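Inspection log for the structure reproduced underneath, given as structure tokens.
Laboratory data are not the source of any read-out in this text; all were calculated from the coordinates shown. Because the structure is predicted, anything quoted here is derived from the model rather than measured. Note that we place each Cβ from the backbone using ideal geometry, even for glycine, and neighbour counts take in every protein chain shown.
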Amino acid sequence: MEGITPEQLAQIQQQCIFCQIASGKVASKKIYEDEKVVAVLDINPANPGHLLVITKKHYFVMPQMPDDEVEHVGKIAKQLSQVLLKALKLEGTTVFIANGVAAGQKAQHFMMHIIPRKEGDEVGIQVQPKQISETDYDKIYQALSQGIKKNLGDITGLEKKSEEKTEEKESKEKISEEETEEKEIEDAEIVKEDAEESKPKIVIDERKKKEKKKTEKKEKEKKKKNKDKEGASLDDIAKVLGA
Amino acid sequence: MNCEICEQIKNKKGVLYQDKNITAMLAPKPTAAGHVYIVPKKHVTILEQIPDKIIGEMFAKANKISMACFESLGVQGTNLLIQNGLPAGQHHNHCILHVIPRRENDGLNLAWQPKQINEEEMSTAEIKIKENTSQVGVFEKEKQKPIKIKEPEEIKDKEKEEDYRLKERIP
């Protein structure tokens, strides 16, 4: 699908009935239009008021669409669903997208269905829950989570990651504390110098004390870090030996 | 209020992805292998209660997860589905965007039979809907932006004050 030349795309767009509906060359009952999408009444509706949201650009399936258009389609789905509920006094709506023939896609153009729903309307679309064995569940989890990492980046918010992040934050906070201390010392110097250089000894004493505190703190931190890294350092040694 | 989805977000059982607003989890009782729920982290019962920004993000993530289904599970298709309200078949009291992987002849019933509707019914539906579309395409704006701008300004002011005092002292 990606190897299509612009000329071929233009040809497809000329032949695609939904591109022509979106551009207004074919008549339709248009409900809403903006720069990205058009919403029209479906001519083969599951219920009266069945809407189709069609992109103005030609996409076969949703994975071809850029993020901003997908997000826009999502927001429009919510708002049109709200409109349907209010206008037709419904009890629910079904939002449906099919990617691929196996999923029931009939047209060669991306579209989203918003179907008005009332009790006992016999539309179908049933999601029947099934029991699944834990081994199958784990297998699918492993396979999918790897695929999702590729497409969405690392899984954030899970335990290991969050621990690492908090450690980083703590170290940053410590650094900022040290900086503020240094500033305080400088400020103190200026004030004391302004006051006729009366008690320089005290200034020096204070400085020394604070420097001592600092070095102590740093040593403590180093010890802590070494403790944390003991497990990892063994691996590092092993690597060096192996090389 | 008991919500199975909220509990599962807390337990992190089967969680595939999560960020500030959204969690994606493997359905505990899937209709097909690889059935994923994408839900807002905050408890929301129906689609219309989800903030615009978050529903947009949910669709974007659903699309990425749909791609992952194609790549990792080798399926031939995916469905994105929101069952909004009881007549639409909503089982949980937490709004869910379903990503359902599809394989040829998998026997799932996710299609519908078109109804015969006469021209009059169509145009009355059109008129009724059009009367209510004035707010479509007008999205909620984020409220957090002005707070971010204020912070750097305050720091600058402090610096200026300090400079001002020093200048006064020099002569």
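Among the residues of A:208-215, the average count of other protein chain beta-carbon atoms within 10 Å of the residue beta-carbon is 0. With a 10 Å cut-off around each Cβ of A:62-70, the average count of Cβ atoms from other chains is 5.
Of A:Leu80, B:Leu86, how do they rank once you tally other Cβ atoms within 10 Å and put the fewest first? Walk me through the numbers on the way to the answer.
Values: A:Leu80 25, B:Leu86 12.
Ordered by Cβ neighbours within 10 Å, fewest first: B:Leu86, A:Leu80.
For segment A:6-117, count all C-alpha to C-alpha pairs, find those more than 16 Å apart, and express that count as a whole percent of the total. Result: 58 percent of Cα pairs exceed 16 Å.
Can you give the mean number of other chain Cβ atoms that lie within 10 Å of the Cβ atoms in peptide A:24-34?
For peptide A:24-34, the averaged partner shielding equals 2.
Percent of Cα pairs in segment B:4-102 per distance bin of 10 Å, from zero to the largest separation: 16, 52, 30, 2.
Quickly rank A:10-20, B:98-108, A:132-142, B:28-38 as a protection proxy: mean count of other C-beta atoms within 10 Å, highest first.
On the way: A:10-20: 14.6, B:98-108: 18.8, A:132-142: 12.9, B:28-38: 21.2.
Averaged packing, sorted descending, gives the order B:28-38, B:98-108, A:10-20, A:132-142.
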